[in-house]
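First up is the structure itself, then whatever we jot down about it.
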Amino acid sequence: MTCEEALRHLYDVIDKEASQYDVEEVQKHLAECKSCMARYEFEEMFKAFVKDKAAPSDKADKLKHRILDKIDEESEGRSFGKLGPFRFSAVAIAAAVALVLCVGASFWAAGYYRYTKYIHPFEQNHFNGGWNIIPANADSESFQPCSPEIMKFISNDLSMTLGDVQTVGYYMVDSGFDDIRDHHFAHFKFLHGNMPVSLYVGKKDGVEMPGFEETKVGNRSVYTYDGDGFQMMYWYCGKSILIAVSEDKTMPLPEIIPAVYSI
Amino acid sequence: MKKTKKEVFEKEAMVHVEALHRTALRMTKNENDADDLVQETLLKAYRFWDKFEQGSNCRAWLFKIMTNIFINNYRAKSRSPQVVDLQDVDDDFLFGQLSALGPSDDPERHFFAKVFDDDVKKAIEELPEDFRLVVVLSFLEGFSYQEIADIVGLQIGTVKSRLHRGRKLLQKALWEYAVRNGFIKEAAK
């Protein structure tokens, strides 16, 4: 092995990435070449030196206790159904914003879900298949709040901007697409305490949501429906409709949309 | 008795707080942000603990979570274009400088003695962010190229080249600190 070859493997060897074979060849060369040996030794020293000087912080212990306390707080909060102080990620909010529920197309005639045994399509999806959408974070390690496809749908098709707002009380656990009665929605799944909340966002055209009551939240109108064992709320945002569904009727759904007001 | 989720989590994940915090400090350059970043990372990890494949690399998993949070939430605050000119920095820049001092007694030792803890931390923090992340994960945390690629979401070749350039920048910065601290003057004696 020449000096040039030996130095070509320099960082691979230092970083322990070189093959056994290369390491042995390099060692053979170093045994005979003082100047390469000096370089190798220096680079090794340099790496160790940097690591040594940036030693672990001594404040980590305090932090550890703080985190464990927080974990206790959260798990208590959940088992007793209290509001957990979860932070929305930017996209979660976006989702919340996007949460405008697109309630049903025109074929959802008034009374469709009020006077028949059918449950509301959104409620249905919320309870079952709704959670089983293209899992944006199927690879949960990556914690991408939602997939590029959803982001694209929100920004291109709905012309909505995902704001970078923080709010408390909800956090997003999953997102995906959900087609309800041929209407295309992004479906964001949140937890509020231990209670799931669904947030659908889609184009408002072609969606009618009969039977809802208008309520003012600030200067914005939202439309609520008090179902049997569930509650729904929808509101409009530009050309989108956002629909929230929860089976917890005490949940203050309007609280999940403050980010939306500013749009 | 079966261990509770929290007990398992404490044993498997909480032991990495020191390492996470060390990296968080260099990434956020700010103690409060570093504390928050580590806390957010572990709370998220705890919520998703059932998704973590027991027996796989918990440390890498935690760093991946932390890197994602950092990139999504913290970096955006101060994202500015990164212009890095390495044209004039040779691979063996630092070694070359030291060798040029002649065969006096052990210039490396004197050099390392003239670079202080804070210099190293500052030099790391001053690296452009793309380089900083891979340098910290490699130098401080000892992750392999493949692990870093997984954590940061880059091709392994990109990791290597960023690490290479980051190393050069770091050496150049530390050389400048050492000189400022009077290294050359003493070496010349």
**Fill in**
For A:Ile180, the residues 5 or more places away or on another chain with a placed amide H closer than 5 Å to its own amide H are A:Phe185
**Two-site label geometry, B:Asn30 and A:Glu4: point separation in nm, points 7 Å out along Cα→Cβ** = 4.9
**Accessible surface of chain B [probe 1.4 Å, protein heavy atoms]: carbon and sulfur percent** = 48
**Complete:** In whole angstrom, the spacing between the Cα centers of the range A:1-49 and the range A:193-222 equals 65
**Request:** Take the Cα gyration tensor of chain B, multiply each eigenvalue by 5, square-root it, and list the three semi-axes largest first, rounded to whole angstrom.
**Result:** 36, 18, 15
**Prompt:** For a label point 7 angstrom out from the Cα of B:Val89 toward its Cβ, which stretches of the range B:131-148 have the backbone nitrogen within less than 18 Å?
**Reply:** B:131-140
**Asked** In the neighborhood of A:Val222, defined by Cβ-to-Cβ distances under 9 Å, what is the net charge if each Lys or Arg adds +1 and each Asp or Glu adds -1?
**Response** +1
**Asked** By the scheme Lys and Arg +1, Asp and Glu -1, what is the net charge of all other residues having a beta-carbon under 14 Å from that of A:His184?
**Response** -1
**Prompt:** Using a probe radius of 1.4 Å on protein heavy atoms only, what is the accessible area buried between chains A and B, both sides summed, to the nearest 100 Å²?
**Reply:** 4800
**Asked** Tell me, how many Å apart are the Cα centres for the range B:130-164 and for the range B:9-43?
**Response** 18
**Asked** Is there a simple number for the mean count of other chain Cβ atoms within 10 Å of the Cβ of residues in A:41-50, and what is it?
**Response** 6
**Request:** Scan the range B:92-189 for GluC sites (Glu not before Pro) in coil per DSSP, keeping those whose Cβ has at most 12 other Cβ atoms within 10 Å, and list them by number.
**Result:** B:Glu126
**Request:** Count, for each residue of A:5-17, the Cβ atoms from other chains sitting within 10 Å of its Cβ, then give me the mean as a whole number.
**Result:** 3
**Request:** Quick one: divide the alpha-carbon radius of gyration of the range A:1-68 by 2.2 N^0.38 Å and tell me what you get.
**Result:** 1.63
**Request:** Would you mind checking the pairs B:Lys6/B:Lys51; A:Lys189/B:Lys5; B:Lys29/B:Lys122; A:Lys16/A:Lys47; A:Lys152/A:Lys203; A:Lys70/B:Lys6 and listing those with alpha carbons more than 18 angstrom apart?
**Result:** A:Lys189/B:Lys5
**Prompt:** If R0 is 25 Å, what FRET efficiency do you get for A:Glu73 and B:Asn72 from their C-beta distance, rounded to 0.05?
**Reply:** 0.55
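The values are calculated or read from the model by the stated rules, or taken from the named source; none is laboratory data. Computed from a predicted structure; not experimentally measured. As a convention, Cβ positions derive from the backbone with ideal geometry for all residues, glycine included, and neighbour counts pool all protein chains shown. Keep in mind that these areas ignore ligands, DNA and RNA; they rest on the heavy atoms of the full protein, side chains included. Shrake-Rupley method; radii C 1.70, N 1.55, O 1.52, S 1.80 Å.
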